[in-house]
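> Before we start, here is the structure in question, set down as structure tokens.
The values are calculated or read from the model by the stated rules, or taken from the named source; none is laboratory data. A quick note: this is a predicted structure, and the numbers were derived from the prediction, not measured. Every residue, glycine among them, receives a Cβ derived from its backbone with ideal geometry; neighbour counts consider all protein chains shown.
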Amino acid sequence: MNATCAMDYGLGGQGDTSLLSPADEQRWMLQYLPLVKRIVRQLSLQANQVLDREDMEQIGLMGLLEVLRRYGAPDEQFGRFASLRIRGAILDELRRQDWRPRQLRQQVHRIRDAIRALARQLGRRPSDEEILGHTGLDAAAYQDYLQAECCEAIESLDELLQNGQEALAGSTGGVEEAVLRERLLAQALERLDERERLVLTLYYQHELSLKEIALVLNVSDARVCQLSKQAIAKACRLLKEEG
């Protein structure tokens with residue numbers, strides 16, 4: 001679906017002070033289309049076996065249209081609010097299609113349990129080489145495991161950002177909820193160490209993929225998955241404490 005098609009689905013929405021006209025909706029949709037494309041590019045590296053880019057763009061555009069109708073004319077806060085909703089719309093569809101089948105999830109749990117057992121045996125965090133030797137995984141399978149682990153962590157944080165803090169917003173509207181989530185995320189980021197904060201900033205605010213973050217940090221794909229999972233786990237814990 002192209003941007004024009006997405007804009008044809010209209011029920012009318014409420015902006016800050018007035019309804020957006022169809023012409024205004026079309027203008028803003030076209031202006032924020034690059035944001036949709038960036039988020040799709042980011043997510044497609046970990047979800048292209050379930051949805052192709054065209055389908056993801058269609059879903060993202062519908063998420064953008066929903067945001068415009070709830071938010072009204074965009075201001076300086078709109079981009080981040082829209083990013084959350086666009087990501088949420090795509091991730092909701094991925095979850096609906098069970099993008100990580102039960103068999104894969106069970107395999108991830110088995111590997112995770114084996115790594116934890118090895119860590120207890122060694123009394124420390126095992127190295128990648130020790131994990132490969134203990135689990136019998138080759139380098140490619142281990143990378144797949146790390147990617148799956150990281151995707152689970154990302155889903156957890158996304159769910160918190162989209163839904164987990166709604167109770168704090170009371171009866172306020174969607175815009176106020178988004179501002180609250182943004183504030184909570186900023187507070188959580190401030191309490192991470194420098195590298196952890198950089199990983200999440202690059203992912204959520206600059207829409208870089210995990211592979212692109214690895215290039216920026218000059219680390220392996222495996223290492224950036226580990227850093228991302230570590231940062232996300234800490235951010236989730238801090239967000240829950242704030243909640």
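> Considering only residues of region 194-228 that are of a type in the set (Lys, Arg) and modelled with pLDDT of 85 or more, which is nearest to Asp158 (Cα to Cα)?
Arg197
> I'd like to check something: does region 98-107 contain any residue that is modelled with pLDDT of 85 or more, touching a helix residue (DSSP H, G or I) at 6+ places or on another chain (Cβ under 7 Å), of a type in the set (A, V, I, L, M, F, W, C) and assigned to a helix (DSSP H, G or I)?
Taking every residue of region 98-107 in turn, none turns out to be modelled with pLDDT of 85 or more, touching a helix residue (DSSP H, G or I) at 6+ places or on another chain (Cβ under 7 Å), of a type in the set (A, V, I, L, M, F, W, C) and assigned to a helix (DSSP H, G or I).
> Could you count how many residues in region 1-53 are charged (D, E, K, R) and modelled with pLDDT under 60?
2
> I've got another one for you. Since Arg197 meets every condition but one in (1) touching a residue at least 12 places away in the same chain (Cβ under 8 Å); (2) out of contact with any helix residue (DSSP H, G or I) (no Cβ under 6 Å at 6 or more places or on another chain); (3) over 23 Å from Gln143 (Cβ atoms), which condition does it not meet?
(2)
> In addition: Confirm whether Arg124 is assigned to a helix (DSSP H, G or I) and not polar (S, T, N, Q).
no
So that you can scan it fast, the table gives a plain yes or no per residue for (1) outside any helix (DSSP H, G or I); (2) β-branched (Val, Ile, Thr); (3) in contact with a strand residue (DSSP E or B) (Cβ under 9 Å, 6 or more places away or on another chain); (4) modelled with pLDDT of 85 or more:
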{"position": "Leu64", "(1), (2), (3), (4)": "no, no, no, yes"}
{"position": "Val67", "(1), (2), (3), (4)": "no, yes, no, yes"}
{"position": "Phe81", "(1), (2), (3), (4)": "no, no, no, no"}
{"position": "Ile86", "(1), (2), (3), (4)": "no, yes, no, yes"}
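> Tell me which residues, restricted to region 189-243, are in a loop (DSSP other than H, G, I, E, B) and small (Gly, Ala, Ser).
Hits for region 189-243 are Ser209, Ser220, Gly243.
> Looking for whichever is surrounded by 19 or more Cβ atoms within 10 Å (Cβ to Cβ) and under 23 Å from Leu20 (Cβ atoms) here; the options are Arg80, Arg87. Which one fits?
Arg87
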